Amino acid sequence: MNEGKKFLDSLMNSVKMVGVGAKDVCDKHNQDCSWLLDPLARWSEKAYGEDIFLATAKGYAEYSINVSRAQAIYEKNGRYMPELLDTIKATVYDDEKYMVPYMWAAILIYAFWPSMVSHIPFFRDEFLNNVAENGKVLELACGHGVLGLLAADYRKDIHVDGLDISAPAINIANKLLDASGMQDRVSFQVKDALDLSKASEGGSYKGIIAAMLAEHLENPKILFKILKHHLAEDGIIYFSTALESFQKDHVYEFNNESEPILMAEEAGLRVEKLISCSSKTNTKPTRFNPRAMAMILRHK
Ligand SMILES: C[S@@+](CC[C@H](N)C(=O)[O-])C[C@H]1O[C@@H](n2cnc3c(N)ncnc32)[C@H](O)[C@@H]1O
């Protein structure tokens, strides 16, 4: 790992307790973590200066503590107890103070969490390698924008349209986009992904990314209908979601891998490949086992 090591070094120097697990994941998956963290470090430092590494370490540590607390409450209550979507929008998505550190954590978990790290090669090898040449790619709930930027960096022939409901997140995505120099092929805008259900023109995207969005919705079935509508005949979808993992803005509780699979199939899509990984690092019995799954979907 080259520049990407700065994220890890900052974490180890400032919040070592949280950094040890992250370092372990990066050591075991060095090449995949470098694929994500090296360009991210270059874009972040160019956009925000070298202080960004300490800021992201703090954001990641704060997020990790919040996740552990929320999971303990979930374990005790036996079900997700989400707030109303309007409240989540006001206190999470529209709140810059909450959203900015959250977005840095949201991308770092791909390299730092055992449940997320396999999503990196899955995204690159099974999705990006199979998007049609010169294809248009839609990214729903792009947040920080990093998956879309990595996609365009890896596949110099594609165009990416990213959207997210959160203005503070799109602000980060646009800063990283400017630093990446890929403004001619990538754009990010503030938009509700569910509004796309009203768009009449369909079938134009050769690739669609919907990463870690479904669990934030009241009814993810609508999302699968939108994915189906916008996918080109020979298009491919990268979908991922969290299961049995409660967080402040997780609304829909998936307990079984079969649930999103069935929703995709009901919408007329077929699962081509699938991975699901646990984030549990000890063997202590728990009622719930937080996992993250990712699927490659195509038209049936
Ligand atoms: C956990 S983050 C995922 C970000 C990124 N896709 C990733 O995989 O790291 C969830 C994102 O969903 C966005 N989001 C939630 N509901 C949305 C909606 N209805 N339309 C668009 N974005 C939404 C949030 O603003 C947030 O950026």
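Just to confirm the filter: which GluC sites (Glu not before Pro) across the range 187-250 are DSSP coil and have at most 13 other Cβ within 10 angstrom of their Cβ?
Passing both the DSSP loop test and the Cβ count: 201, 218.
Can you tell me the length gained on complete extension of the stretch residue 133 to residue 191, counting 0.36 nm per residue apart and subtracting the Cα distance?
Length gained, residue 133 through residue 191: 18.2 nm.
Using only DSSP helix segments of four residues or longer, with each worth -39500 (n - 2.57), what per-residue ellipticity at 222 nm results for the chain after dividing by its residue count and rounding to 500?
-14000 deg cm²/dmol
Going by how many other Cβ atoms sit within 10 Å of their own, how do 44, 278, 240 line up, fewest first?
278, 240, 44
Let me know the shape class of the range 98-186, please: from the alpha-carbon gyration tensor, a ≥ b ≥ c as square roots of the eigenvalues, rounded when a/c is under 1.5, otherwise prolate if a/b is greater than b/c, or oblate.
In terms of gyration-tensor shape, oblate.
So what is the relative contact order for the range 193-300, in percent, with contacts set as C-alpha pairs under 8 Å and at least six apart?
Taking the mean separation of contacting Cα pairs over the length of the range 193-300, I get 29 percent.
What list of ³J(HN,Hα) values in whole Hz, one per residue of the range 244-252 in order, does the Karplus curve 6.51 cos²θ - 1.76 cosθ + 1.60 (θ = phi - 60°) give from phi, with Gly and Pro shown as x?
So the Karplus estimates, Gly and Pro as x, are 6, 9, 8, 9, 3, 10, 8, 10, 9 Hz.
Would you mind checking which residues have amide H under 5 Å from residue 272's amide H? H placed 1.01 Å from N; only 5 or more apart, or other chain.
HN-HN under 5 Å from residue 272: 296, 297, 298.
Identify all lysines with a Cα-Cα distance to residue 284 below 19 Å; exclude those on the same chain that are fewer than 8 residues away in sequence.
76
Using just the C-alpha positions of the range 162-282 as equal point scatterers, what log10 of I(q)/I(0) does the Debye formula give at each q in 0.14 1/Å?
Values, matching the q order: -0.70.
Considering amide H positions built from the backbone, and no H for Pro or chain starts, which residues 5 or more places from residue 160, or on another chain, come under 5 Å of its amide H?
So residue 160 has HN proximity to 137, 186, 187.
Could you list the square roots of 5 times each eigenvalue of the Cα gyration tensor of the chain, that is, the equivalent ellipsoid semi-axes, sorted largest first and rounded to whole Å?
Result for the chain: semi-axes of 27, 24, 19 Å.
Quick one: Kirkwood hydrodynamic radius for the range 5-112, alpha-carbon pairs, angstrom, one decimal?
Taking every pair of different Cα atoms in the range 5-112, averaging 1/r and inverting gives 15.0 Å.
Quick check: the distance between the Cα centres of the range 1-18 and the range 160-199, to the nearest angstrom?
28
Fewest Cβ neighbours within 10 Å first, please rank 224, 288, 122, 7 accordingly.
288, 122, 224, 7
Want the number for residue 178 to residue 156: 0.36 nm per residue separation, take away the alpha-carbon distance, what's left?
6.3 nm
State which helices in the chain qualify, where a helix is a whole DSSP H run, it must extend 20 Å or more along its own axis by its Cα atoms, and its mean Kyte-Doolittle hydropathy must be at least -1.0.
TM-like helix candidates: 30-48, 52-77, 96-112.
Taking amide H positions as placed in the peptide plane 1.01 Å from N, state which residues far from residue 209 in sequence (5 or more) or on other chains have amide H under 5 Å from it.
Residues meeting the criterion, in which the H sits 1.01 Å from N, are 138, 139, 140, 238.
Using 32 Å as the Cα-Cα cut-off, could you pick out the over-long pairs in 16/225; 191/248; 46/198; 28/228; 89/221; 46/273?
Violating the 32 Å Cα-Cα cut-off are 16/225; 46/198; 28/228; 46/273.
DSSP loop (so not H, G, I, E, B), at most 11 other Cβ within 10 Å: list which trypsin sites (Lys or Arg not before Pro) in the range 62-144 pass both filters.
Loop-located and lightly packed - 79.
FYI, it's all coordinate maths here, none of it is from the lab. What you see is a predicted model; the values in this text were computed from it and never measured. In this analysis, Cβ positions are derived from the backbone assuming ideal geometry, glycine residues included, and neighbour counts consider all displayed protein chains.
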